[in-house]
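Inspection log for the structure reproduced underneath, given as structure tokens.
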């Protein structure tokens, strides 16, 4: 009788241990999936650890000759392996989205993305026919200066458009004429270094801000009559 009670006690203790391991694994999964729903992709994926926990449980049962019970956990292992693969694909997609957003924010607006790419392509083409290192450095410095001019122009436009939303346009100085001059200077600098194709692409930017300047003038006339 005493031996039977001891065996029952050990079995109960073993079952409690397995239950505790399952609870830990499932809590890890719930917490992670809640974080992912909140787009917290910096959270480390726990599925490999969960798979290991269920693998350990399965082995523990086999070691105790509970083979039938052990086989039950094959489904849980398979389930979390499938979730792991889906998680990897999701993270790949999110990484691509982040990268594309970063590229958009860095190079921003109308034809500037094509312009910078064309600059880099131009450097590559000239590698065999120029004193490459010196010319590359010169053109990179030039492209950086030009890109800074474009970035400053875009910042001026964004800041102005934000200010309009907060107050009367009549109290603000319109930056569009200055922005147009910046883009004309950028176009000229491209022409001076024989990047004619890149220069031509900036015509759209100049036309864009000329249109915004005319709209701004009309809006000021309307506001002035109120």
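Kindly list the number of the only condition in (1) in contact (Cβ under 8 Å) with a residue 12 or more places away in the chain; (2) within 27 Å of residue 224 (Cα to Cα) that fails for residue 155.
(1)
Counting only residues that are surrounded by 13 or more Cβ atoms within 10 Å (Cβ to Cβ) and closer than 17 Å to residue 70 by Cα, which one in the range 10-35 is nearest to the chain's Cα centre (by Cα)?
My answer is 25.
Inspect the range 36-43 for any residue being surrounded by 15 or more Cβ atoms within 10 Å (Cβ to Cβ) and either free of Cβ contacts under 8 Å to residues at least 24 places away in the same chain or more than 30 Å from residue 98 (Cβ to Cβ) (or both) and give the result as yes or no.
no
When the range 164-187 is examined, which residues are found to be closer than 22 Å to residue 148 by Cα and in a helix (DSSP H, G or I)?
Once the filter is applied, which keeps residues that are closer than 22 Å to residue 148 by Cα and in a helix (DSSP H, G or I), the range 164-187 yields 176, 177, 178, 179, 180, 181, 182, 183, 184, 185, 186, 187.
Please determine whether any residue of the range 91-110 is surrounded by 13 or more Cβ atoms within 10 Å (Cβ to Cβ), modelled with pLDDT under 65, in a helix (DSSP H, G or I) and touching a helix residue (DSSP H, G or I) at 6+ places or on another chain (Cβ under 6 Å). Lay out the reasoning, then the answer.
Narrowing the range 91-110 to residues surrounded by 13 or more Cβ atoms within 10 Å (Cβ to Cβ): 91, 94, 107-110.
Applying the additional criterion that residues be modelled with pLDDT under 65 yields 107-110.
After this cut, where a residue has to be in a helix (DSSP H, G or I) as well, the list is 107.
Remaining after also requiring touching a helix residue (DSSP H, G or I) at 6+ places or on another chain (Cβ under 6 Å): 107.
Checked the range 91-110: at least one residue is surrounded by 13 or more Cβ atoms within 10 Å (Cβ to Cβ), modelled with pLDDT under 65, in a helix (DSSP H, G or I) and touching a helix residue (DSSP H, G or I) at 6+ places or on another chain (Cβ under 6 Å).
To keep it simple, each residue is scored yes or no on (1) over 26 Å from the mean Cα position of the chain (by Cα); (2) closer than 17 Å to residue 219 by Cα; (3) at pLDDT below 80.
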{"site": "133", "(1), (2), (3)": "yes, no, yes"}
{"site": "137", "(1), (2), (3)": "yes, no, yes"}
{"site": "141", "(1), (2), (3)": "yes, no, yes"}
{"site": "148", "(1), (2), (3)": "no, no, no"}
{"site": "153", "(1), (2), (3)": "no, no, no"}
{"site": "156", "(1), (2), (3)": "no, no, no"}
{"site": "164", "(1), (2), (3)": "yes, yes, no"}
{"site": "172", "(1), (2), (3)": "yes, yes, no"}
{"site": "183", "(1), (2), (3)": "yes, no, no"}
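Would you mind finding the one in 72, 36, 18, 57 that is assigned to a helix (DSSP H, G or I) and under 14 Å from residue 87 (Cα atoms)? Let's see the steps before the verdict.
Details: 72 fails: under 14 Å from residue 87 (Cα atoms); 18 fails: under 14 Å from residue 87 (Cα atoms); 57 fails: under 14 Å from residue 87 (Cα atoms).
Just one listed residue meets the conditions, 36.
Residue 65 versus (1) in a helix (DSSP H, G or I); (2) within 24 Å of residue 14 (Cβ to Cβ): which is the lone unmet condition?
Here residue 65 meets the rest and fails (1).
The values are calculated or read from the model by the stated rules, or taken from the named source; none is laboratory data. Just so it is clear, the model here is predicted, and its values are computed rather than measured. Neighbour counts run over all protein chains shown; Cβ positions are idealised from the backbone, glycine included.
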